[in-house]
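Below is one structure, written out as structure tokens, with a few remarks after it.
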Ligand SMILES: Nc1ncnc2c1ncn2[C@@H]1O[C@H](COP(=O)(O)OP(=O)(O)O)[C@@H](O)[C@H]1O
Ligand SMILES: [Mg+2]
């Protein structure tokens, strides 16, 4: 087997800039040193030469110095509306291969409203919504309370708490204003889906030419060919029902070790098949590559109909903590194997393996 030079590109929390007026969850979606060390070690165990490079603006020089055959990219970047696309843009400019989705997909999927427009266009189920750029924009007639209000372009439950569920005009306006102040971006209001919290992780690439289009016959096998689905995971929010009925920033960051992750989720085979079909469809229409995790809510008021909340093309990869790591483990795939699965998928895509 060929031994590749692999640069792990990430943004460490400890290296992140500090600025005045910064909110305390500002860098919650960046990575810890231990995660990055575990990625480097996993890739070394896979038989390659690996090194971590901080994915800041020094990357053009450090990457050229290290001369990787491929980069293992999990960089979220710091600033800008399409920040997750910045490192891929640099790597394409200097023609270095990298794992995971490309510029367009990372820019699109960081923007939840844009992604939802694409999902709606393909008639994929995602909650009805409205984007607010001003606090006094009138609410559309077709939206009914309760609504769920969150930032348009964040992750890791940032800006998501019990207050995200709004029951009337006053709560709606308060929450929109709060998002403007804290996150300086449009607020996304969605129909609130009361129900279960499920997420599906996958590794692979679609076979066949229909990227960004759904085939007319939804039963065609090529719809999912080339993708490996991990068993779906449910986050059991029942113990927190008095404080957090949603997967909030508090749960994801402060209480992560107290959460009950149920994997495989107790769902019947038909539901799992539906979720995988939707996951593949979202992966396809957003043009994602190599790996992703798709978040769903199952609607308690409508026979547990699945609604797509978002696709995460850069899912967290912290050993023992991140959702997709737990899902792989439920299938007997440990962290080191998962990391090498992602790397090998990208190497095959580039014809390097
Ligand atoms: N429309 C909604 N209805 C009910 N809960 C929601 C809705 N949107 C988000 N949530 C809750 O907030 C959490 C975080 O939202 P999500 O869109 O996945 O953003 P993030 O990027 O922070 O993970 C979800 O896992 C879910 O618990
Ligand atoms: Mg999510």
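Here, each number is a calculation from the coordinates, and none is a lab measurement. Everything quoted here is computed from the prediction, not taken from an experiment. Cβ sites come from the backbone with ideal geometry, for glycine too, and all protein chains shown count toward neighbours.
Spin-label pair residue 128-residue 350: with each label point 7 Å from Cα along the Cα-Cβ axis, the two points sit 4.6 nm from one another. Sorting 348, 170, 153 from the fewest to the most surrounding beta carbons within 10 angstrom yields 170, 348, 153. Answer rounded, prolate or oblate for the chain, using the Cα gyration tensor with square roots of eigenvalues a ≥ b ≥ c: rounded when a/c is under 1.5, else prolate when a/b is larger than b/c, else oblate. Prolate, since a/c reaches 1.5 and a/b exceeds b/c. Panel order for 247, 350, by other beta carbons found within 10 Å of each beta carbon, from fewest to most: 350, 247. For the pair residue 51 and residue 258, label points projected 7 Å from Cα toward Cβ lie 4.3 nm apart. In a GNM of the chain with a 10 Å cut-off on Cα contacts, which of 125, 239, 113 has the highest mean-square fluctuation? Most flexible of the set in this elastic network: 239. Axis of helix 269-285 versus longest Cα principal axis of the chain: the two differ by about 70°, to the nearest ten degrees. The fewest-to-most ranking of 301, 322 by surrounding Cβ atoms within 10 Å reads 301, 322.
Extending 7 Å from Cα along the Cβ direction at residue 44 and again at residue 13 yields two label points whose distance is 2.3 nm. Separation of the stretch 84-118 and the stretch 223-238, taken as the distance between their Cα centroids, equals 23 angstrom. Summed over qualifying helices (DSSP H, 4 residues or more, each -39500 (n - 2.57)) and divided by its residue number, the chain shows a 222 nm mean residue ellipticity of -8500 deg cm²/dmol.
With the highest mean first, a sort of the peptides 276-286, 336-346, 258-268 on other beta-carbon atoms found within 10 angstrom per residue produces 276-286, 336-346, 258-268.
Of 112, 150, 184, which is the most mobile in a GNM of the chain whose springs link Cα atoms less than 10 angstrom apart? Taking springs between Cα atoms under 10 Å, the residue moving most is 184. Among 160, 18, 131, the largest mean-square fluctuation in a Gaussian network model of the chain (Cα springs under 10 Å) belongs to 18.
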